Amino acid sequence: MKMKEIIELSTDELLTKRRDLRQESLHLRLQQQSGQLEQPSRLRLLRRDVARIETILSRRANEPQTIPAAEPKSKKKK
């Protein structure tokens, strides 16, 4: 998955995609342990995709949230 494609996804889609990739990674590791894995390079690609998704999620979490500007409070004169 390309970084451009990942950036275009919403946060909910990214969370779902990360869960799916981790689950697929688990299945591939189990196949590797049993000697049935046909494409060992797929594990590396999955790991990198998960890292890309987590990078985007952490960037979004660290971005300052846009808070609507509150009206300035007028100072009361005594």
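Distance between the modelled labels on residue 29 and residue 11, one decimal in nanometres: 2.7 nm (7 Å Cα→Cβ projection). Between residue 42 and residue 60, full extension at 0.36 nm per residue minus the direct alpha carbon distance yields a gain of 3.8 nm. Among 62, 21, 51, flag the residue with its Cα farthest along the positive direction of the charge dipole of the range 9-70, charges on Cβ as +1 for Lys/Arg and -1 for Asp/Glu. Comparing the listed Cα positions along the dipole, 51 ranks first.
Among 25, 34, a tally of other beta-carbon atoms within 10 Å of each Cβ gives an order, fewest to most, of 34, 25.
Each 10 Å bin, from zero up to the one with the longest distance, holds this percent of the alpha carbon pairs of the range 3-62: 23, 47, 22, 8, 0. A simple rule links phi to the HN-Hα coupling: the Karplus curve 6.51 cos²θ - 1.76 cosθ + 1.60 with θ = phi - 60°, which for the range 20-26 gives 5, 5, 5, 5, 5, 4, 4 Hz, with x for Gly and Pro.
Relative to the Cα centre, the charge distribution of the range 1-53, modelled as +1 at Lys and Arg Cβ and -1 at Asp and Glu Cβ, gives a dipole magnitude of about 260 debye.
Quick note: the coordinates plus some simple rules give every number you see, no bench work behind them. On a predicted model such as this, the values are computed, not experimentally measured, just so you know. Virtual Cβ from ideal backbone geometry, glycine too; neighbours counted across all protein chains shown.
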